[in-house]
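These notes concern the structure reproduced below.
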Amino acid sequence: MLEEELDSQELLYEGKGKKLYRGSQEEEVIAYFKDDLTAFNAEKKGQEKGKGILNCQISSILFELLETHGIQTHFIRKLGDNCMVCKRVNIIPIEVVVRNVATGSLTKRLGIKEGTILPQALVEFYYKDDALSDPIINDEHAILLGCVSHTRDLEFLRLQARKVNQVLVGFFNKRDLRLIDFKLEFGKDKADKIILADEISPDSCRFWDKTSNEKLDKDRFRQDLGGVKLAYEEVLKRITTIK
Ligand code: UDP
């Protein structure tokens with residue numbers, strides 16, 4: 001679906017990687033995946049033609065995979081090449097990061113050596129607030145900030161994040177990709193149920209090639225390594241190729 005075709009729909013929200021439009025049903029929204037790339041809290045900006053289509057495809061496949069493993073998501077169906085019809089949710093302002101291998105902010109914050117395999121998956125919460133540069137928070141902060149009302153919701157987020165990790169690590173391992181870390185977002189649907197939302201793509205995950213440890217994700221943009229689109233294409237190719 002072309003962006004111009006969507007322009008007749010009401011734009012509900014524009015984020016860094018996606019635009020959200022009103023859907024044809026009350027409880028649905030249309031997520032349009034943009035070609036824009038941002039890093040370091042949008043201090044660095046770029047564009048990669050065709051990236052939106054790749055992320056939409058990758059995300060759709062991964063949401064469908066998770067659904068088959070009993071993880072409820074906002075995904076309803078793909079629409080055209082770069083849109084996804086999703087359940088309308090209220091996003092919980094917590095970025096749930098799961099890490100299997102130390103890199104990025106974890107190495108900087110705690111001095112853990114880059115590439116260290118963590119003894120068990122680490123789940124972290126960050127407060128989703130651009131003005132504050134998404135600071136890391138603990139459970140008490142999350143309650144204090146009103147992100148959720150009950151600690152049981154935080155426990156549910158952690159549990160779901162670990163389940164997602166377990167499914168995805170196995171899935172990518174079979175495709176010769178190491179799932180290093182990733183970020184999830186959750187939302188509450190109209191019945192107040194917490195379901196997985198947003199996207200799962202090379203913009204929000206780190207993938208390293210199993211043999212060479214070559215980075216096949218947004219770090220190519222963050223670190224000016226070049227070949228961003230090629231890397232995203234490679235991830236899609238491996239996802240869709242059954243060995
Ligand atoms: N991540 C994301 N959006 C953010 C912050 C992090 O998608 O706003 C993802 C990132 O792609 C990586 C994981 O979460 O897969 C952990 O990121 P980290 O905290 O190391 O972020 P960095 O400081 O390296 O950007």
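The values are calculated or read from the model by the stated rules, or taken from the named source; none is laboratory data. Everything numeric here is computed off the predicted structure, so don't read it as measured data. Cβ placement follows ideal geometry from the backbone for every residue including glycine, while neighbour counts extend to all protein chains displayed. The accessibility values were calculated without ligands, DNA or RNA, using every heavy atom of the protein model including side chains. Shrake-Rupley method; radii C 1.70, N 1.55, O 1.52, S 1.80 Å.
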- Item | Near pairs, Cβ below 8 angstrom, 6+ apart or cross-chain, from region 177-192 (over 25 Å from residue 113 (Cβ atoms) and outside any strand (DSSP E or B)) to any residue that is more than 14 Å from the ligand (Cβ to nearest atom) and of a type in the set (A, V, I, L, M) | 189/89; 189/195
- Query: Inside region 211-243, can you point out the residues that are loosely packed, with under 14 Cβ neighbours inside 10 Å, in contact (Cβ under 8 Å) with a residue 12 or more places away in the chain and either in contact with an Asp or Glu (Cβ under 8 Å, 6 or more places away or on another chain) or farther than 27 Å from residue 86 by Cα (or both)?
  - Reply: 211, 213, 243
- Task: Select from region 93-118 the residues that are more than 10 Å from the ligand (Cβ to nearest atom) and within 29 Å of residue 210 (Cβ to Cβ) and list them in ascending order.
- Result: 100, 101, 110, 111, 112, 113, 114, 115, 116, 117, 118
- Enumeration of residues in region 115-156 that are on the phi < 0 side of the Ramachandran plot, in a loop (DSSP other than H, G, I, E, B) and either touching a residue at least 40 places away in the same chain (Cβ under 8 Å) or touching a Leu at 6+ places or on another chain (Cβ under 6 Å) (or both): 128, 145, 147, 148
- In region 58-93, the residues that are within 13 Å of the chain's Cα centre (by Cα) and either in a loop (DSSP other than H, G, I, E, B) or at pLDDT below 95 (or both): 74
- Query: Can you tell which of 161, 131, 142, 121 is within 16 Å of the ligand (Cβ to nearest atom), more than 18 Å from residue 182 (Cβ to Cβ) and at pLDDT 95 or above?
  - Reply: 131
- Every pair of residues 6+ apart whose Cβ atoms lie under 6 Å, when the first sits in region 95-114 and is touching a residue at least 12 places away in the same chain (Cβ under 8 Å) and open to solvent by less than 10 Å² (accessible area, probe 1.4 Å) while the second is more than 9 Å from the ligand (Cβ to nearest atom) and among the charged types (D, E, K, R): 103/114
